[in-house]
1. Mind putting together the pair-distance distribution for segment B:1-101? All Cα pairs, 5 Å bins, whole percent per bin, short to long.
2. Just grab the label-to-label distance for A:Leu109 and B:Ser55, each label 7 Å out from Cα along the Cβ direction, in nm (one decimal).
3. List the relative contact order of chain A as a percent without decimals, with contacts defined as Cα pairs under 8 Å and 6+ residues apart.
4. On alpha carbon coordinates alone, what is the Rg over Rh value for segment A:62-286, Rh being the Kirkwood radius?
5. Compute the Rg/Rh shape ratio of segment B:239-353: radius of gyration over Kirkwood radius, all on alpha-carbon atoms.
6. Ballpark to the nearest 100 Å², how much total accessible area do A and B bury together, probe 1.4 Å?
7. Can you give the net charge of the other residues whose Cβ lies under 13 Å from the Cβ of B:Ser322, counting K and R as +1 and D and E as -1?
8. Give the accessible surface of chain A per residue, rounded to a whole number of Å², with probe radius 1.4 Å and ligands, DNA and RNA excluded.
Amino acid sequence: MNKTINQKAWFFVLPVIALVAFNAIIPLMTVVNYSVQETFGDNTFFWAGVIWFEDILHSERFHDSLMRQLTFTFTILLIEIPLGVIIALAMPRKGFWVPVCLILMSLPLLIPWNVVGAMWNIFALPDIGMLGRMINSLGIDYNFTRQIGDAWFTLILMDVWHWTSLVVLLAYAGLVSIPDAYYQAAKIDGAGSWAIFRFIQLPKMKRVLTIAVLLRFMDSFNIYTEPFVLTGGGPGNSTTLLSIDLVKIALGQFDLGPAAAMSLIYFLVILLLSWVFYTLMMRDEEQ
Amino acid sequence: MSLELKEVSKQVGGETHIYPTNLVFDSASFNILLGTTGAGKTTLMQIMAGLDKASTGSIFFNGEDVTNIAVQKRNVSMVYQQFINYPNFTVYENIASPLRVANIGEGEIKKRVGDIADLLKLSPMLGRRPSELSGGQQQRIAMARALVKDASLVLLDEPLANLDFKLREELRDELPRLLAERNCVVVYATTEPMEALLFSGHTAAMHEGRVTQFGPSSQVYREPNDLVSARVFSEPPINTTSVLKAGNEIRLSPGISWNVAGELARLKDGPYTFGIRAHHVTIQETGNTPIQVDGTVQITEISGSESVVHFRMNDNNWISQSPGIHPYDVGSTAHFYVDISHGLYFDEHEKTISV
């Protein structure tokens, strides 16, 4: 068979290339451009090589925010994934309550991020906030604007409140797609509810859970708005996550070179960790 | 091991899914539940298994009342239309799973899994996962799981429905061999009359929640109790038309009539329903007593060496199934020959009249 060779197909791809160039490639290349140059603000640039990258990689400040970021991300993953699965398992499969549960679950996801931050900020204020007042009235000295532990507690609680729903919805979608016959077959075999979860529900939810972990990982690693509004990175630097630190360097100190280098490292860290997660979770499928 | 249902019925929210049903399946028997989707086959099977509770009635295994005994303790196994296996177990572990629950020793498990895997041609793939295998192989794993534990009741709910034609033929041939020499009651649900006839056994014809007839498959096929059972057991659908009886003459339409003897001749004169299966309405003149009818051709389906002609005859939609390829034009008039010696007659209550 003869294949007709022509180049017309490129015309169809062109709009996409143009779009991707404008919203991804050009901004990214600008960052790359900044990351290898030094500027003194009058729009003159000097070649700096990999100085900024070395600086960032050796900077204690970067190490600290990266550690904080990893702590935050892994804590919320460890809470949100199991909690989301448990809630999904407890949700009804059919009947009147299904849409009610689904709508209630989706509500936190519909609230704009800065509103979530502001909401929790007021909610947790020790003197006038409902949560803050309640904890203090229990005799616990709670003040998230002053105490590091309290700030982290509030930050994680806020993220769990905001995002567990996403895991619930994904896990629920995985659960309802399991045909009844699986449960019946397991019942005939005499499998208990743990065995049903371990050998039927969990394997059947694997794909959606992989997506849930990846989404929650990437989103939480990029998180900015909510902690910025809630704690502003404080008290001190105790809740300064990577993105907050990056904005401080880029816009607060106007150190464009180091900020650009940090952005690229940040990006590569996310890419690498996402790949690791995906490979680990999909390991069995490949075999 | 025998299975008996006594006045078993099932109501769900004021709707009757199964009307009071009595059935006795003998030990080491192959029983077929035949009926269209929605006839209640699956519901009845789930009640037999103990996965679903009957609203009324009782179930006996070997004369022992098991109505309130949980499914886990009934020693049943079931194969579904979907290929149900544990997704992250290997084939070996899947087949072994019912034995593990029963606390059987590792040596015995190995032997039994090996035997059943040989029988079902699964031995080369014991180390693989179900998702890596074809649909036919996946269904074989499910069957192996059902057979490995020597259940006293094996329920097969349209196990071949999701397989492609070739695999279906293959497994259909293998099934009786696999189930032979097992002292268990086999219940096999299907929508296909052909399948019911292929497995020599008993057939329960089901329609809208009722078992309309139960008996040896060939008998149910040849001597249906009533029109409903005849319809359930006919593919293509059985042709029917009303006929007028006067004395010993049966008249289909002016000019088309024949004589009958036996019980029918002695019954009172009047209208009756005449039924004839499609392969007894042929384009060629066959049988001892063919009667010619004319019809207007609506569709001709030609499948390999056979022609199925849908035609209209006296306001009835009839189907003729004949050997050979006969392409008729739509709308043309054609002659068909009805082998009335295979005809069935039904009274005004749609009960069969024995001839």
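1. That works out to 3, 11, 19, 22, 18, 13, 9, 5, 1, in percent per bin.
2. With each label point 7 Å from Cα toward Cβ, the separation is 3.9 nm.
3. Numbers: 272 pairs, mean separation 77.4, N = 287.
Reported relative contact order: 27 percent.
4. Details: Rg = 20.3 Å, Rh = 19.5 Å.
Answer for segment A:62-286: 1.04.
5. Details: Rg = 14.5 Å, Rh = 14.6 Å.
We get a ratio of 0.99 for segment B:239-353.
6. Values: alone 17040 and 16930 Å², together 32220 Å².
The buried area between A and B, both sides summed, comes to about 1700 Å².
7. Working: positive: B:Arg277; negative: B:Glu285, B:Glu301, B:Glu306, B:Asp339.
Net of charged neighbours comes to -3.
8. Details: 16150 Å² over 287 residues.
Counting only protein heavy atoms, the per-residue value for chain A is 56 Å².
The values are calculated or read from the model by the stated rules, or taken from the named source; none is laboratory data. Computed from a prediction, not measured in an experiment: that's the story for all the values here. All Cβ positions, even for glycine, are placed from backbone atoms using ideal geometry, and neighbour counts span all protein chains on display. The protein model used for the area step is the full one, side chains on, heavy atoms only, and it has no ligands, DNA or RNA in it. Shrake-Rupley method; radii C 1.70, N 1.55, O 1.52, S 1.80 Å.
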